[in-house]
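Notes follow once the structure below has been shown.
The values are calculated or read from the model by the stated rules, or taken from the named source; none is laboratory data. These figures come from a predicted structure and were not determined experimentally. Please note: Cβ atoms are built from the backbone with ideal geometry, for glycine as well, and neighbour counts cover all protein chains shown.
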Amino acid sequence: MSEQRRSFNRIQFDADTLVTQGASSWPVELIDISLNGILFKQPENQAIQQNQPVQIRITLADNSHIDMDTQLIYSKGDHVGCKCVHIDLDSITQLKRLIELNLGSDTFLERELNALLAEHGHH
């Protein structure tokens with residue numbers, strides 16, 4: 001597990017992040033994001049359920065969005081981690097651009113994207 005975890009670089013940045021589960025939505029503080037998941041601060045007085053899908057919408061400075069369908073994989077203290085179950089191509093493009101801006105490395109990005117696609121058995 002730790003080998004695989006290390007192959008994904010995490011990006012830290014500020015963006016408006018909304019978590020939706022069932023009929024409820026909460027703004028959360030984004031801790032970091034990578035192509036295989038997201039880490040955010042536990043919303044106050046709200047519990048994210050493990051057995052229900054979690055939708056994430058991140059609004060970037062230019063009002064573009066990254067939308068990700070996720071599943072809760074851990075909740076420790078005030079940190080919540082969700083793994084990416086589905087992300088559409090537009091969101092991958094936005095996330096890719098964000099990673100390029102933060103990393104400035106195309107080769108690293110290609111590796112990361114390939115790892116994501118391989119892991120999710122992209123056809």
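Table for the structure above
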item: Residue selected from the stretch 20-64 under the condition among the β-branched types (Val, Ile, Thr) and closer than 24 Å to Leu101 by Cα, by the criterion modelled with the highest pLDDT; result: Ile56
item: Test: residue in the stretch 105-117 that is under 13 Å from Leu35 (Cβ atoms), among the acidic types (Asp, Glu), at pLDDT below 65 and in contact with a helix residue (DSSP H, G or I) (Cβ under 9 Å, 6 or more places away or on another chain); result: yes
item: Matching residues in the stretch 45-65 - criterion: being closer than 12 Å to Gln94 by Cα and loosely packed, with under 13 Cβ neighbours inside 10 Å; result: Ala61, Asp62, Asn63
item: Residues of the stretch 65-79 classified as at pLDDT 90 or above and hydroxyl-bearing (Ser, Thr, Tyr), total; result: 1
item: Matching residues in the stretch 66-98 - criterion: being closer than 18 Å to Trp26 by Cβ, surrounded by 13 or more Cβ atoms within 10 Å (Cβ to Cβ) and out of contact with any helix residue (DSSP H, G or I) (no Cβ under 7 Å at 6 or more places or on another chain); result: Asp69, Thr70, Gln71, Leu72, Ser75, Val80, Gly81, Cys82
